[in-house]
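Structure below; questions to follow.
The values are calculated or read from the model by the stated rules, or taken from the named source; none is laboratory data. Every value quoted in this text rests on a predicted model; they were computed, and no experiment measured them. Heads up, the Cβs are rebuilt from the backbone with ideal geometry, glycines too, and the neighbour counts pull from every protein chain shown.
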Amino acid sequence: MDRYDVVVIGAGFAGLTAARELRAAGQHVLVLEARDRIGGSTWYQPDAFDGYGLEMGGTWIVPQQTHVWAEVQRYGVPIKDSALPSRMTWSDHGKVLESLLPVPPQEYGQLEHAVRSLIEAASRFDPLRPLSEQDVADLDVPIRQWADDVGLTGNARELMISWFCGCANANEDIGSALDAIRWCASMDNSLWGMVQASVLGFTFVNGTASLAQAILADGGADLRLSSPVRRVDADAEGVTVIYDGGVVRGDRVLMTTPVGVWQDIEFAPALPADKLAMSKENHAGQGQKIWALARNVPDDISGFGWGTSFDYVGAMETTERGVVLVCFAPEHDRVDAGDLADVQRAVREFAPEADVVDARSHDWVHDEFSKGLWATFRAGQFAKYELCVGRPEGRVHFSGSHTARRWRTFIDGAIESGKCAAAEILTAAKES
Ligand SMILES: Cc1cc2nc3c(=O)[nH]c(=O)nc-3n(C[C@H](O)[C@H](O)[C@H](O)COP(=O)(O)OP(=O)(O)OC[C@H]3O[C@@H](n4cnc5c(N)ncnc54)[C@H](O)[C@@H]3O)c2cc1C
């Protein structure tokens with residue numbers, strides 16, 4: 001049986017970063033990846049729309065995401081800033097508003113109150129420290145409840161709920177408001193920064209895969225693709241990992257799979273009750289990201305909506321066949337991505353003349369190796385699970401963007417978590 005110092009499970013950014021750091025420290029490392037590709041929740045498909053490559057998963061980064069930013073500089077991976085739209089589009093239940101702001105003048109005070117409430121809430125905590133250890137339990141409530149608790153009304157309320165759901169990729173009665181407010185705190189309490197971190201930041205010229213490949217090549221760990229892990233048996237001397245295609249032994253194992261996937265892997269000893277409960281509950285990030293190619297839409301549309309199927313529809317580029325639109329919905333069944341007519345219906349809520357000629361999406365929610373999009377906590381999960389998700393269990397360590405601090409659930413958080421896990425493993429190996 002092959003023997004390694006560390007077996008890393010999952011070749012997303014967390015696993016690839018951890019493997020590189022461990023290799024740099026002289027460890028013998030194997031990465032086992034279930035899919036036939038690296039990148040995990042990022043997945044660049046070059047030439048998807050006749051020469052225009054699409055990111056099916058993670059896409060935008062900002063300079064405040066210091067971990068991913070440092071990796072981009074380190075490998076000289078080309079990135080580009082988003083072009084700003086000439087105006088924002090607001091859709092109120094499918095009716096496109098002709099006004100500059102999303103509310104009528106008599107509600108300007110409400111809009112100001114909504115923005116101030118967000119910034120005040122974000123200013124109450126330090127995103128670098130665990131949120132469950134700070135005095136913000138009153139913010140760890142469903143998004144809709146938070147909007148009502150701070151007394152929002154009118155369009156400002158609807159827009160803020162929809163905006164939070166968009167950031168959380170979650171239903172308003174399930175996703176934690178705190179997890180959306182965290183985005184604002186991580187951008188130094190800036191609402192505009194929060195918008196940049198969502199859909200108006202920097203993108204990778206050659207796709208996120210260019211950075212994933214650079215980290216993999218630099219690390220030089222052994223990699224086995226199409227090798228889903230089924231069982232992890234830990235004993236006093238090491239860990240045996242059983243995957244489709246083989247068995248391998250490691251001194252230690254690093255799990256980087258999404259939390260919802262843990263329950264499908266047999267662990268001996270069994271996962272502790274809190275980890276298993278978290279895996280079964282799963283996180284709230286269960287929405288949709290759909291790419292549409294459309295004619296008859298403004299080539300710089302940036303549309304936010306409430307009472308609409310998508311909460312965001314934005315132009316990325318114009319090709320000969322049409323405008324490339326990226327669209328998000330906070331629930332996985334809002335739009336049938338395989339039905340152009342349905343995608344067109346949803347896009348027309350923002351651009352009434354739109355003709356959708358093509359559409360692409362990946363169903364992350366029903367993908368057995370993801371079970372969701374980005375890992376926004378459900379309301380109440382910070383207190384119960386924030387610390388348990390990254391806690392090591394003997395020789396089995398846990399990492400992934402869901403364990404990170406400032407940029408939990410982002411590419412940056414995945415890289416941060418990979419570095420932390422490698423350091424944790426090296427320390428544990430020294431002490432044992
Ligand atoms: C649609 C979408 C849009 C997003 N947008 C952004 C964005 O714009 N900016 C941003 O920063 N972040 C974004 N994110 C989030 C970001 O992509 C993730 O937080 C990050 O990539 C997670 O990295 P990870 O390594 O922690 O986990 P993953 O990338 O999920 O890696 C885990 C790996 O484990 C593998 N695996 C699962 N089960 C097994 C098994 N049994 N055996 C072996 N391997 C297994 C998986 O195949 C996967 O490769 C988005 C995510 C999605 C899905």
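Of everything in the range 349-386, what is more than 16 Å from the ligand (Cβ to nearest atom) and assigned to a strand (DSSP E or B)? Give them in sequence order.
The answer is Asp355, Val356, Val357, Asp358, Arg378.
Let's see how each residue does on (1) over 27 Å from Gly400 (Cα atoms); (2) within 16 Å of the ligand (Cβ to nearest atom); (3) assigned to a loop (DSSP other than H, G, I, E, B):
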| position | (1), (2), (3) |
| --- | --- |
| Val7 | no, yes, no |
| Ala11 | no, yes, yes |
| Gly15 | no, yes, no |
| Val31 | no, yes, no |
| Ala34 | no, yes, yes |
| Ala48 | yes, yes, no |
| Val77 | no, yes, yes |
| Leu101 | yes, no, yes |
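Sticking with this structure for a sec: Out of contact with any Leu (no Cβ under 8 Å at 6 or more places or on another chain), within 19 Å of Ser198 (Cα to Cα), among the aromatic types (Phe, Trp, Tyr) and not assigned by TED's automatic domain parsing to the domain that holds Ser227, is that true of Phe310? Spell out how you get there, then give the answer.
Working: out of contact with any Leu (no Cβ under 8 Å at 6 or more places or on another chain): yes; within 19 Å of Ser198 (Cα to Cα): yes; among the aromatic types (Phe, Trp, Tyr): yes; not assigned by TED's automatic domain parsing to the domain that holds Ser227: yes.
Judged against the criteria, Phe310 is a match.
Right, another one. Based on this model, can you work out whether Arg321 counts as over 19 Å from Thr59 (Cα atoms) and basic (Lys, Arg)? Explain how you work it out, then say what you get.
Working: over 19 Å from Thr59 (Cα atoms): yes; basic (Lys, Arg): yes.
Here the answer is yes, as Arg321 does meet what is asked.
Still on this structure: Whether any residue in the range 191-214 is free of Cβ contacts under 8 Å to residues at least 24 places away in the same chain, in contact with a Lys or Arg (Cβ under 8 Å, 6 or more places away or on another chain) and either small (Gly, Ala, Ser) or more than 30 Å from Arg3 (Cβ to Cβ) (or both) is what I want to check. Please lay out each step first, then the result.
In the first step, residues of the range 191-214 are kept if they are free of Cβ contacts under 8 Å to residues at least 24 places away in the same chain; the result is 192, 195.
Now narrow it down to the ones that are in contact with a Lys or Arg (Cβ under 8 Å, 6 or more places away or on another chain): none.
No - not one qualifying residue is present in the range 191-214.
Quick one: which residue in Asp173, Asp135 is in a loop (DSSP other than H, G, I, E, B), among the charged types (D, E, K, R) and either under 25 Å from Leu200 (Cβ atoms) or within 23 Å of the chain's Cα centre (by Cα) (or both)?
Answer to the selection: Asp173.
If Thr42 passes every condition in (1) part of a strand (DSSP E or B); (2) among the β-branched types (Val, Ile, Thr); (3) in contact with a Gly (Cβ under 7 Å, 6 or more places away or on another chain) but one, which one does it miss?
(1)
Shifting gears a bit: Does the range 260-275 hold any residues that are touching a strand residue (DSSP E or B) at 6+ places or on another chain (Cβ under 9 Å) and more than 10 Å from the ligand (Cβ to nearest atom), and which are they?
Glu266, Phe267, Ala268, Pro269, Leu271, Pro272, Lys275
Could you please give the count of residues in the range 392-432 that are assigned to a loop (DSSP other than H, G, I, E, B), on the phi < 0 side of the Ramachandran plot and within 11 Å of the ligand (Cβ to nearest atom)? Break it down into steps so the answer makes sense when it comes.
First, the residues of the range 392-432 that are assigned to a loop (DSSP other than H, G, I, E, B): 392, 394-395, 399-400, 404-410, 432.
Next, from what is left, pick out any that are on the phi < 0 side of the Ramachandran plot: 392, 395, 399, 404-408, 410, 432.
Then drop every residue that is not within 11 Å of the ligand (Cβ to nearest atom), which leaves 399, 404, 407-408, 410.
Residues meeting the conditions: 5.
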